Amino acid sequence: MSAEIFQKIAETNTWSWIMPELAMGLLALSLLVLEVILPKVAHGAIPRIAILGQLVILGHVVTGICTGTLPVGEAFGGMLFFDETGQLFRVFFLGASIFVSYLGMVSLDKRTLPQVEYFHILLVITAALMLLAQANHFVMLFVALETATVGFYILVSYFRHTTVSLEAGLKYLIMGALSSTILLFGIVLLYGAGSNPALAGSSEDSLNFGNLAGFLAANPDDTLGLIGMILVISGVAFKVGAFPFQIWIPDVYQGAPLPTTALLAVSSKAAGFAMLLSFSKVFSALEDWFYPLLTALAILTILFGNFAALTQRNLKRVIGLSGVSHAGFLLIGVITARTVDWASIAILFYLFAYLLASAAVFSVLVHLNKDDDSDLTLDDLGDLAKKNGFLGLALAIGVGSLAGIPPLAGFIGKLLIFIAAFKAELYGLLGVAIVGVVVSIYYYFGILKSAFFDLWKFQTDEEEVPTAIPGIDLGFLGKLAILLATAGTLLLGFYQSPFSSWLLG
Amino acid sequence: MDDFASLVQFSIAVPIVAAFLTLFVKSWGRPAVQIVSVTGFALPVIFALFLWGFYDPSTPGGYAFVSNLDTGLEMIGVGLHLGLNGVSLPLFVMASVVGLAAGLFAAQSKAENLSRYLFCLLIMQGGLMGVFASIDILFFYFFHELALIPTFIMVGIWGGRDRNYAAMKMTIYLTMGAMLSLVGLIAIYVKSGAESFDLITLKAHLAEMPLADSVQKYAFGLLLFGFGILVSLWPLHTWAPLGYGAAPSSAAMLHAGVLKKFGLYGLVQVAIPLLPDGMGYWDNWIVWLALGNILVVGLIAMAQRDLKQMIGYSSVMHMGYAFLGIAAMSVLGVGGVVLMMVAHGLTVALLFMLSTMVHHRTQTFEMSEMGGLAKKAPVLAAFFVCAMMASIGLPGPGLANFWGEISIFLAVYDFRNWLVYAVVAGIVISAIYGLRAIASVFYGEETDEFIESQKEVPVEDMSWAERVPVLILIIVMFFIGFFPKTVTESINDALESEPVYAQVEE
């Protein structure tokens, strides 16, 4: 064993490139260990340790981006590809995971359920999604996706004592398995086509994104390749909740524990768009099919999401269906990426705005002190502003940002997408998007109306002195979390320098 | 000139800072909240008057007090680009004055949760100052929305009858209008290829290579109907009377008086100069829809029995004159429109405020249940008559509206003779409903309902606290009425430097 070998190993060692993911996995394992070795009284600290650990990892990634020391290029024999976008998705998934950890902490504290497993699975899912966003190979993509999805099956049915949660879990399992099958079938077809030695551009490793793109460029008329692409897109459409693969969303969002709903709404959706962004490069040879397909999906998704949300009174269903329409707006972003070079920045900005707004909204919902969070309705928001003005303001900012109202981050996100769509001359899509925004105002407004406007409905009855409404105690961590989400939403609404310089610099 | 650029920034920032301060000083009691908020409204007036004093009308078409801040969207050509020109300065001053009156009136109101009410109102004021000071058309839109959102909230929480329905309807209509105009602005941005939302850059760019006719046509259409909804262009006006009827009076004052002028201002300063050929195509549409505003809405206003609704309809009706003046496309007509925007902002705010004061005394807005108030409250009656006369546009002693309307009429006569008949019919209509309202509210016998309500709430004339905001508006109104030149000079200079308007004049 000479030193040369070690040196060579050190030079070609790409394990350090996935440090954040490894650290997440280790943190997840150490949580389980901590549960065993810590005395029972100290178990309450485990969620906090999870959050702290993730903050450290987030700090590592962010400093890496700011100093530009993170690696760029292929690793693990082409399994992963590291670039700026992937790093930002890492930040996104970590941020989402930290917020969900906080939600889980609040939500699980009220219940007699095993706690540590929730955070363990959450961390594993996040690590898998971080790898997914940087996958450069269909095998890697599928393994990462399934790791996350299996975790989701458990988290959706985590409230095992409530039937709705179990029902949601079963629905998600069946629908998820179906979509994974479709995706896998698509991948197999692409593999079969791409490794056919009779065709030009075929290769042994035909599931590598680069190789596959090369093959499709050489054989743009290959039927198998085309069917494979359609099936792969369908599998992804399930993840993002695009029409017609959105049918699971209302029920699963409603039944799942609130933190899991947040994770589904934010991370699972973003994972789909991370995949779509890389697919737009893989399938660039098939763009005559790829983009019309996405356009149809986007139109139907926006219309369905908004119109279906109009009649809902269950908060989690409203948020779920509004999330469907957000998926539609993001699909427009993906379509514009064909011609507008900064469209991926717009998508990322939109996603971050969506993350912050969702974090604010879900943090408010988790504090509503409802035993069964599956039947949170608009009525439960009544008097919120009176119970706790801070929560009311946070809800207003979160919902306002989701609705795309200036001066909040959601507006800038929508604006960037609109400008990109106009540049790409997608007038029809833009029209649909406008209709979607106007319709969405109705139900977002409904949420705010029940939180604020019904405030003094008993005011005229002199006799009826309202009994003192119990206030809501947030605790220091709660205030900090909500403050971060709302301040971020406000800041990105009128001052985007940190974000844009970060992306462009 | 740019020495005072920071004053422009301050007039936007001060109300917003004051808004947040009101929330913090809430625990110190009501007077602290009142002092902070009134300061937040008063400082912009001082700044605006100061800027007016130092404005040099000979600034050749360009903007004075210019400042430019990068907010991080430089990559798509957006920056916080502030400045004032001859058209925006009078509106900027008017916005600050109406804001002060509305703020003074709100600060003494009995609204529940006063600090939150004033918070919304101050945020709105910050947005309003920003609207007229923005050279960047995206920020122009952004500030409009910033002012619009608090309006919905104020209607929804502190509104009167039907507030939920009114707030919802306003929100949906105005969002629709805002989205259409946003797409129109994006269309100009993308199609011009200037890679900038800066109005000056866009103008220079489009002067060299104007947009293709087809693009101008649909972009102008988007802006016309987008702004049109916001300005309550017939038949898209139905949100306005309903919303104003339900809105708390300070919100109605700021919205009807100032914020609604956003759309007209957008047409005058952005849409027409940038898309002159598009204007040529839509000219006829504007004329016919404006006639709908004047005649149809005028007749509806005549049929109103509710004082506040009637004022709401009359304000919608007056927008018709503004659209006609714009359609005339001359320095005279458009200059008249800008002058009328200033005057109308003052009068409609005054009317909303006075009608609420009437309501405090009669406990109703139903005109059939009022009568004889002049005997009990002569000062209120005098102010009301004065405001109503101004609103009708009578050539009274130095009433500002008259000068605006007369210039519009002259321009309309040059433009299409026969339109003058319709316009005169409109004057008759507004005289009928205006004078009838005065008669039924203030004169005649006291109705039984009024006598009943007096037993519960004794009627007194206006207190000094009520008189101050009224006097502020009336004094400015008379000042502009007697010395219209102070305002029109800068407006005309600015408009003459726009080739679109100057051309037609020759």
Report, by residue number, each residue of region B:62-77 that is within 14 Å of another protein chain (Cβ to nearest Cβ), hydrophobic (A, V, I, L, M, F, W, C) and touching a strand residue (DSSP E or B) at 6+ places or on another chain (Cβ under 6 Å). B:69
Residue set A:338, A:313; condition over 30 Å from residue A:381 (Cβ atoms), out of contact with any Pro (no Cβ under 7 Å at 6 or more places or on another chain) and modelled with pLDDT under 90; output residue A:338
Being more than 24 Å from residue B:492 (Cβ to Cβ), assigned to a helix (DSSP H, G or I) and at pLDDT 80 or above narrows it down to one of B:425, B:411, B:390, so name that one. B:425
Would you mind stating whether residue A:103 is out of contact with any Cys (no Cβ under 8 Å at 6 or more places or on another chain), surrounded by 22 or more Cβ atoms within 10 Å (Cβ to Cβ) and assigned to a helix (DSSP H, G or I)? yes
Considering only region A:73-83, I want to know if a residue exists there that is touching a helix residue (DSSP H, G or I) at 6+ places or on another chain (Cβ under 9 Å) and within 29 Å of residue A:116 (Cβ to Cβ). no
For region A:292-313, state whether one or more residues are more than 29 Å from residue A:365 (Cα to Cα), out of contact with any strand residue (DSSP E or B) (no Cβ under 6 Å at 6 or more places or on another chain) and outside any helix (DSSP H, G or I). no
In region B:89-128, what residues are among the small types (Gly, Ala, Ser) and surrounded by 24 or more Cβ atoms within 10 Å (Cβ to Cβ)? B:95, B:96, B:99, B:101, B:102, B:103, B:106, B:107, B:126, B:127
If a residue must be more than 9 Å from every other protein chain (Cβ to nearest Cβ) and over 21 Å from the mean Cα position of the chain (by Cα), how many such residues does region A:386-418 contain? 7
Inside region A:180-196, can you point out the residues that are surrounded by fewer than 21 Cβ atoms within 10 Å (Cβ to Cβ) and either under 26 Å from the mean Cα position of the chain (by Cα) or polar (S, T, N, Q) (or both)? A:180, A:181, A:182, A:184, A:185, A:187, A:195, A:196
Name the single residue that is surrounded by the fewest Cβ atoms within 10 Å (Cβ to Cβ) among those in region A:420-438 being within 9 Å of chain B (Cβ to nearest Cβ) and closer than 30 Å to residue A:368 by Cα. A:438
Requiring at least 2 residues that are more than 9 Å from chain A (Cβ to nearest Cβ) and hydroxyl-bearing (Ser, Thr, Tyr), the helices (runs of 4 or more DSSP H) wholly within region B:99-211 are B:114-133, B:163-192
Filter pass, residue A:382 being under 27 Å from residue A:156 (Cα atoms), away from chain B (no Cβ under 13 Å) and not aromatic (Phe, Trp, Tyr): no
Which members of region A:385-413 meet the condition of being touching a Ser or Thr at 6+ places or on another chain (Cβ under 8 Å) and not in a loop (DSSP other than H, G, I, E, B)? A:393, A:394, A:397, A:398, A:401, A:402, A:403, A:409, A:410, A:411
What residue, of A:338, A:317, is of a type in the set (D, E, K, R), at negative phi and assigned to a helix (DSSP H, G or I)? A:317
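Residue by residue, here is whether (1) more than 25 Å from residue B:487 (Cβ to Cβ); (2) in contact with a helix residue (DSSP H, G or I) (Cβ under 7 Å, 6 or more places away or on another chain) holds:
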{"position": "B:362", "(1), (2)": "yes, yes"}
{"position": "B:375", "(1), (2)": "yes, no"}
{"position": "B:378", "(1), (2)": "yes, no"}
{"position": "B:393", "(1), (2)": "no, yes"}
{"position": "B:422", "(1), (2)": "yes, yes"}
{"position": "B:426", "(1), (2)": "no, yes"}
{"position": "B:429", "(1), (2)": "yes, yes"}
{"position": "B:439", "(1), (2)": "yes, no"}
Those residues of region B:1-53 which are among the polar types (S, T, N, Q) and crowded, with 18+ Cβ neighbours inside 10 Å, in sequence order: B:9, B:11, B:22, B:34, B:37
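The values are calculated or read from the model by the stated rules, or taken from the named source; none is laboratory data. All of these numbers come straight from a predicted model, not from anything done at the bench. Cβ sites come from the backbone with ideal geometry, for glycine too, and all protein chains shown count toward neighbours.
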